[in-house]
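Read-outs: derived from the displayed coordinates by stated rules, not from any lab. Because the structure is predicted, anything quoted here is derived from the model rather than measured. Glycine also receives a Cβ, built like all others from the backbone with ideal geometry; neighbour counts cover every protein chain displayed.
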Amino acid sequence: MAKIIDGKAIAEEIKHELKQEIDAMKERGIEGSLAVIQVGTDPASSVYVSNKKKACEALGIRSESCELPEDVTEEALLRQIEIYNGNPRIDGILVQLPLPPHINEKRVLDAIDPTKDVDGFHPLNVGALLIGEKGMVSCTPAGVIQLLKRSGIEIAGKHCVVIGRSNIVGKPMAVLMLRENATVTIAHSKTKNLESLCRTADILIVAVGKPKMIKASYIKEGAVVIDVGIHRMENKKLCGDVDFEGVEPLASAITPVPGGVGPMTIAMLMHNVVLAIKEHYGL
Ligand code: NAD
């Protein structure tokens, strides 16, 4: 039976550590703040934004939201980012994705001051990650590293297969595992013989965006399986990219959905906000 990696508990542990850092900063008169920009009223985005604001509140970080209408112009959105970039009272800036199709997402993300880019999407932060320099790291992959480390799973020397090559999850995930001295293979929609490739993985990280695609036949006995996927099924329950019931008996450790990678994303966002505050106050 696999060890079930408890993302909820690990996320709580990280937030507890951050709260202590934030309290210590408050004693020195420093109150951090995050600005969250949402365009339109997509219900899923509203839930994400509200969860992020609640996490800030629980940790004692001030959050400020800017809600812009669905038909806002790209220029108006860029102006708002410029205002936050120049505001010394704002430490972190987050633009909730996805943006409406008339807005160029890349232009928007590139406009955020890299030192306030708490999502870690700015090209300077992505480049810093690649060459191993200090910077903000994309929250979900950073969360996976914490899950592995805090579960006592050794990474160095292991063969890690990452399925998915998105800029937000797959690519930074692969770079982070490389940084931890894993031997990394990135698989994607054009990869041949995916099933047998996955069976060579000591650590399999799945960010493919397809409900329950990864079955037992993809798993080497004793592998660690990390499921980044999240989907709402017809019965309203959540599931991941991995067929948990089929895979769990073969794995040595596995993340559930919900309660695995999901809670880590917000914890690591809070971690990045704390990094941004420290950067701004030279701590
Ligand atoms: P994406 O759609 O941008 O990328 C999916 C990747 O999978 C692509 O690189 C593609 O090449 C690859 N792929 C698609 N079909 C494939 C196939 N048949 N075989 C091999 N590779 C294939 O998705 P994403 O943004 O990287 O997200 C991946 C999953 O993670 C989604 O389910 C998403 O909802 C979830 N997600 C969860 C969190 C979280 O906080 N838990 C955060 C971000 C994303």
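Long hydrophobic helices in the chain: the complete DSSP H runs spanning 20 Å or more by Cα along their own axis with mean Kyte-Doolittle hydropathy of at least -1.0 are 7-27, 43-59, 262-281. Estimated at 0.36 nm per residue, the fully extended path between residue 62 and residue 183 surpasses their Cα-Cα distance by 39.5 nm.
If you run the Gaussian network model on the chain, springs between alpha carbon atoms under 10 Å, then out of 259, 164, 86 the most flexible one is 86. Comparing 84, 48, 218 in a Gaussian network model of the chain where C-alpha atoms under 10 Å apart are linked, the largest mean-square fluctuation is found at 48. Other residues with beta-carbon under 12 Å from the beta-carbon of residue 117 carry, at +1 per Lys or Arg and -1 per Asp or Glu, a net charge of -4. Only helical DSSP H runs with n ≥ 4 go in: add -39500 (n - 2.57) per run for the chain, normalise by residue count and round the 222 nm mean residue ellipticity to 500 deg cm²/dmol. My calculation for the chain gives -12500 deg cm²/dmol from helical runs alone. Our coupling estimate for the stretch 61-68, obtained by passing each phi through the Karplus curve with A = 6.51, B = -1.76, C = 1.60 and θ = phi - 60°, is 9, 6, 10, 10, 10, 10, 9, 10 Hz, Gly and Pro reported as x. May I ask which residue of 182, 209, 219 lies farthest towards the positive end of the charge dipole of the stretch 168-231, with charges of +1 (Lys, Arg) and -1 (Asp, Glu) on Cβ and the Cα centre as origin? Checking the options against the dipole of the stretch 168-231, the answer is 209. Look at the dipole of the stretch 29-125 built from charges on Cβ: of 58, 115, 48, the Cα furthest out on the positive end belongs to 58. Of all beta bridges that DSSP places with both ends in the chain, some 5 percent have antiparallel geometry. Remark: the stretch 68-163 carries a charge dipole of roughly 520 debye about the Cα centre, counting +1 on each Lys and Arg Cβ and -1 on each Asp and Glu Cβ. Give, as ranges by residue number, the residues of the stretch 248-277 whose backbone N falls under 19 Å from the point 7 Å along Cα→Cβ of residue 50. Under cut-off, by backbone N: 263, 266-267. Approximating the spin labels as points 7 Å out from Cα along Cα→Cβ, the residue 41-to-residue 104 distance works out to 3.0 nm.
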